[in-house]
1. Report, in deg cm²/dmol and to the nearest 500, the calculated mean residue ellipticity at 222 nm for the chain, where each DSSP H run with n ≥ 4 adds -39500 (n - 2.57) and the sum is divided by the residue count.
2. By how many degrees, between 0 and 90 and to the nearest 10, does the Cα long axis of helix 86-136 differ from the longest principal axis of the chain?
3. Provide the per residue accessible area, probe 1.4 Å, for the chain, rounded to a whole number of square angstrom.
4. So what's the angle, to the nearest 10 degrees on a 0 to 90 scale, between helix 36-70 and the longest Cα principal axis of the chain?
5. Give the ranking of 83, 99 by solvent-accessible surface, highest area first, calculated with a 1.4 Å probe.
6. Carbon-plus-sulfur fraction of the accessible area of the chain, 1.4 Å probe, in percent?
7. Using only C-alpha positions, report the orientation-averaged shadow area of the convex hull of the chain, nm², one decimal.
8. In degrees from 0 to 90, rounded to the nearest 10, what is the angle of the helix 4-33 Cα long axis to the longest principal axis of the chain?
Amino acid sequence: MQTRELQKLWWDWLSTSERLLRSLHEQTAALTLRDVQRVERIQPELDQMILLMKKIDDSAATCARKLAEELSTEPNLRGLVRVLEKAEAQQLQSVANRVVVAARNVQAVIDKNQALINNEMSFIGGTLTMMARAAGDNQGPFARPVRAAILIDQAA
């Protein structure tokens, strides 16, 4: 089997992506609950897994290029599948499809978490703006005349 090393790298990538997805879902829960300590505890693990996935991805790309050179074909999946035996080509295509689906799932959860973080930052910015305005009011229970300028964020 000529593609054994490439398939092994992709399977390693898939197992790492599953662990990453579990951690990303834990991050989603922590963000939803606004548990800052939990988010901070999870972040190094996420960074480490993403770095590992990038290394595996680079190794797989290098392996695929070498394999394409050995088989005298284009350095892409279609080129490899075209020149391989049918059974091996189907197996390689199957693993490649799993990698594509897993990558989309990981990216979707990362995008969702990023949106949660951005929403939380907007909320914090708006709250600070309201507090700054209330501090500058001359009327109300917290009234105290302020002579200095107050910086107000545009988020509110």
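1. Result for the chain: -28500 deg cm²/dmol, rounded to the nearest 500.
2. Around 10 degrees separate the two axes.
3. Here the per-residue accessible area is 70 Å².
4. 30
5. So the residues, ranked largest to smallest area, are 83, 99.
6. Numbers: 5960 of 10960 Å².
Taking all protein chains in place, the chain shows 54 percent carbon and sulfur surface.
7. Over all viewing directions, the chain projects a mean Cα-hull area of 13.1 nm².
8. 20
The values are calculated or read from the model by the stated rules, or taken from the named source; none is laboratory data. Just so it is clear, the model here is predicted, and its values are computed rather than measured. What goes into the accessible areas is simple: the full protein's heavy atoms, side chains included, and nothing from ligands, DNA or RNA. Shrake-Rupley method; radii C 1.70, N 1.55, O 1.52, S 1.80 Å.
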